[in-house]
Amino acid sequence: MIVPLYGTIKNFIAIIMINIKFPDGNIKQFESGITPFEIAQSISEGFARMVLAAKFNGAEWDISRPIDEDGEIALYKWEDEEGKHAFWHTSAHLLAEALQELYEGIQFGIGPAIENGFYYDIDPGENTITSADFPKIEKKMMELVAKKEEVIRRDISKADALKFFGDKGQTLKCELISELQDGHITTYSQGNFTDLCKGPHVPTTAPIKAVKVLSLAGAYWRGDAERQQLVRVYGITFPKKKMLDEYLTVLEEAKKRDHRKLGKEMELFAFSQNVGQGLPLWLPKGTALRNRLQEMLTNIQRRYGYLQVITPHIGNKNLYVTSGHYAKYGKDSFQPIHTPEEGEEYFLKPMNCPHHCEIFRTSPRSYKDLPLRYAEFGTVYRYEQSGELHGLTRVRSFTQDDAHLFCTPEQLKQEFLNVMDIITYVFSKFGFDYEAQISLRDPEHKEKYVGTDENWEKAQQAIIEACQEKGLKAKQVTGEAAFYGPKLDFMVKDAIGRRWQLGTIQVDYNLPERFELEYTGSDNQKHRPIMIHRAPFGSLERFVAVLLEHTAGHLPLWLAPEQVVVLPISEKYNDYAKHVVNELDKCDIRAIIDERNEKIGRKIRDNELKRIPYLLIVGEKEANAEEVSVRKQGGGDKSSEKITTFATEITALVADQIKFESN
RNA sequence: GCCUGUGUAGCUCAGAGGUAGAGCACUUCCUUGGUAAGGAAGAGGUCGUGGGUUCAAUUCCCACCACCGGCUCCA
């Protein structure tokens, strides 16, 4: 719509009005050329002050960038991902600006916002940057912030961009530009720093009130291990100083929940250089914990018709040639064990599936036998690159709570749904927040996978439909599939926000093909079964790691290696304490005594810190009355009870916790 | 595997070219106590491993090993 204004012929001025639709469906008219910031102002000044980023017709948009057509707008504050993203993206540029000022001749790679903060990849040239330089960099960033520099967006032609960055010797940027389409290239500048960037950014660096350079790391240029390695500088910024302090406190707290630290403190597991890196030693308490987890899952799986099997830790090379794993991973595995006489080659078992296929083959199968569900807590060995190893989350020997389901095409969906039920049950039991991810094949690189297009299509479709049916929100990620089939993965975060894959379900048409598995159908014809690989925990190692971080070591009663500690008021009551432990032992309650010659206050403190769920204080009063004084870990409620009453209560609590109701 | 960084007592850490220190834990003794640290004494370390420089190396240099944070990878 065009509204003429003071229509002199010489100086025709027209104001073009545009319609802007808000997320709530409201439509308002504004003059063309209005910026999202001004639109926010039209709502309220206070709101406008908080707006950091916008989306216009689905495209990310600077709040200072004019709009000249009808469309839908969304405005984002700090509380929104998009708002933080713009704030941190601008902060990445600020970091780069500071680095440019401080270091002669450095080259810039890319510098995006990430989940918590941002980074910039640089080639430092002749300079060396160490963590000792962080305060200097932070100081420079704050100096630049004080200039309240405006962030300016410019369109630039490809040729001009190549010349501009080429003149500055920014060959990495030139490489990026050369792959961009002319007419769609923009730069953002603040102060003396100009970056190739598609935005969006906050209008000035002024709102950045607190900066922290967090760490340095090596990172391959464009994620390619064949190419040069850059220095990645990580940082985070906040609009308020207090928010930075809070963030740093959270980080500190998270470190206390690190499963490696807790595993040591709680005497659950250990590593030894003599045994070898990535090879965890499960200590008695850790083993007890692990066994309990296995027991829980075994019970659930029995209800779902799983059959427990056991297979050897090594397998003939031919087994893996048949499965295709040899061709794919043979070179990157622990190398084969050779027999001294016959010259045979055996591999340490890197997965259980081929063994389970062989179990399937041990006798002719009828459709009436299916589904067959073989489960095994199978310990496998994988050569992980040394730099990859990480506590219990990434190891070279681990135990999968594995199972392989062989079924008919008609049964596939129901079996898949049942597995989803088991996994979601397990995760909810432990209160894990998970993200589901459908891992699909990369259609651009089919050579990385085995199997026919048709089978891949079927398998991927089956997973997508199963998620829809269950109403499970799952992100689809191409290129993340296993080489033999697509997966539905369940990811859980650790204490500092790293995502780890725990549960997984994989549909596989290929292994049955390779192992020539078959069953006789009702039509008396041979048919090929479909295989489902699945593991709710993923591995006991990784699950325990995430469980520790999630609970900060405060394991639920049924899992706690020690459920009760008895604290005698003085050594005179040690015998009574032993009596209490014996009584509890009769009810399968795991109890220990603190017999040290210490005051009760001291014993309470030390045992509170050991995260044992119940502390029982016993002295003269209790000994005379066959009672215990109960103190719940964490300074909870206290009461005096008969030993038998306490034992009954604990038994009931545990029974309730391990109860499984299938739906 | 690659890039930073780190490696000293069981744990957390300090230290310096002249063969090592604290706190906690541990042992013994005193104390025998009522809901988050009682007191004293003692023991404990080839300073990650192997070379080199030096009159002298745990300290400086080199290599290796392990670990941390990332990258790449993850059946």
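The values are calculated or read from the model by the stated rules, or taken from the named source; none is laboratory data. Since we're looking at a predicted model, the values are computed, not measured. Here the Cβ is made from the backbone with ideal geometry for all residues, glycine too, and neighbour counts use every protein chain on show. We work out accessible area using only protein heavy atoms, side chains counted, and drop any ligands, DNA or RNA first. Shrake-Rupley method; radii C 1.70, N 1.55, O 1.52, S 1.80 Å.
Figures for the structure shown
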| read-out | value |
| --- | --- |
| Directionally averaged projected area (convex hull, Cα atoms, chain A), nm² | 42.3 nm² |
| Measure of compaction for the range A:385-470 (Cα Rg per 2.2 N^0.38 Å) | 1.36 |
| Proximal charge balance of A:W456 [Cβ under 14 Å; K/R count +1, D/E count -1] | -4 |
| Total formal charge among the other residues, if their Cβ is under 14 angstrom from that of A:R499, Lys/Arg +1 and Asp/Glu -1 | -2 |
| Folded to 0 to 90 degrees: helix A:574-586 orientation relative to chain A principal axis, Cα | 90 degrees |
| Most positive-pole-ward Cα, A:V202, A:H184, A:I650, against dipole of chain A from beta carbon charges | A:I650 |
| Accessible surface of the range A:229-329, 1.4 Å probe, proportion on carbon and sulfur as whole % | 55 percent |
| In sequence order, calculated HN-Hα J values of the range A:441-454 (Karplus, 6.51, -1.76, 1.60; Hz; x Gly/Pro) | 6, 7, x, 6, 10, 5, 5, 7, 10, 10, x, 7, 4, 4 |
| Nearest-20 debye value, the range A:93-144 charge dipole, Cβ charges on Lys, Arg, Asp, Glu | 140 debye |
| Inverse mean reciprocal Cα-Cα distance (Kirkwood Rh) of the range A:446-536, Å | 14.8 Å |
| Measure of compaction for the range A:162-275 (Cα Rg per 2.2 N^0.38 Å) | 1.58 |
| Karplus-derived 3J(HN,Hα), 6.51/-1.76/1.60, for each residue of the range A:192-204, Hz, glycine and proline x | 8, 10, 10, 10, 6, 6, 9, x, x, 10, 7, x, 9 |
| Inverse mean reciprocal Cα-Cα distance (Kirkwood Rh) of the range A:262-385, Å | 17.2 Å |
| HN-Hα J in Hz across the range A:297-302 - Karplus 6.51, -1.76, 1.60, θ = phi - 60°, x for Gly and Pro | 5, 4, 4, 5, 5, 4 |
| Dipole magnitude of chain A about its Cα centre (Cβ charges: Lys, Arg +1; Asp, Glu -1), debye to nearest 20 | 1020 debye |
| Farthest toward positive dipole pole in chain A [+1 Lys/Arg, -1 Asp/Glu at C-beta], among A:L214, A:L293, A:A591 | A:A591 |
| For A:A482, distant residues with modelled amide H under 5 Å away | A:K487 |
| Sequence of A:T204, A:T187 from largest to smallest accessible area, 1.4 Å probe | A:T204, A:T187 |
| Computed lengthening from A:N582 to A:T130, 0.36 nm per intervening residue step minus Cα-Cα distance | 156.9 nm |
| Portion, in percent, of the accessible area of the range A:507-663 that falls on carbon or sulfur, probe 1.4 Å | 46 percent |
| Cα-based radius of gyration of the range A:487-604 once divided by 2.2 N^0.38 Å, which approximates compact folds | 1.88 |
| A:E175-A:H445 FRET efficiency (beta carbon distance; Förster radius 30 Å; 0.05 resolution) | 0.85 |
| Enclosed volume per residue, in Å³, of the convex hull spanned by Cα atoms of the range A:273-315 | 111 Å³ |
| Cα pair distances of the range A:603-645 binned at 5 Å [whole percent] | 6, 24, 30, 21, 15, 4 |
| Reachable aspartates and glutamates from A:K446, criterion Cα separation under 13 angstrom, eight or more residues apart if same chain | A:E454, A:E457, A:E480 |
| Summed residue charge, Cβ within 12 Å of A:D133's Cβ, Lys/Arg positive, Asp/Glu negative | +2 |
| Debye log10 I(q)/I(0) for the range A:314-448, one point scatterer per Cα, at q = 0.18 Å⁻¹ | -1.35 |
| Alpha-carbon Debye profile of the range A:321-360, log10 I(q)/I(0) at 0.22, 0.29, 0.30, 0.34 Å⁻¹ | -0.80, -1.07, -1.09, -1.15 |
| Per-peptide average of other Cβ atoms within 10 Å, ordering A:479-489, A:396-406, A:159-169 highest first | A:396-406, A:479-489, A:159-169 |
| Nearest-20 debye value, the range A:12-107 charge dipole, Cβ charges on Lys, Arg, Asp, Glu | 220 debye |
| Selected from A:P336, A:I496, A:G109, residue furthest toward positive end of dipole (chain A; charges at beta carbon) | A:I496 |
| Residue-normalised accessible area of chain A, expressed per residue, 1.4 Å probe, Å² | 50 Å² |
| Sum of -39500 (n - 2.57) over DSSP H runs of 4+, divided by residues of chain A (222 nm, nearest 500) | -11000 deg cm²/dmol |
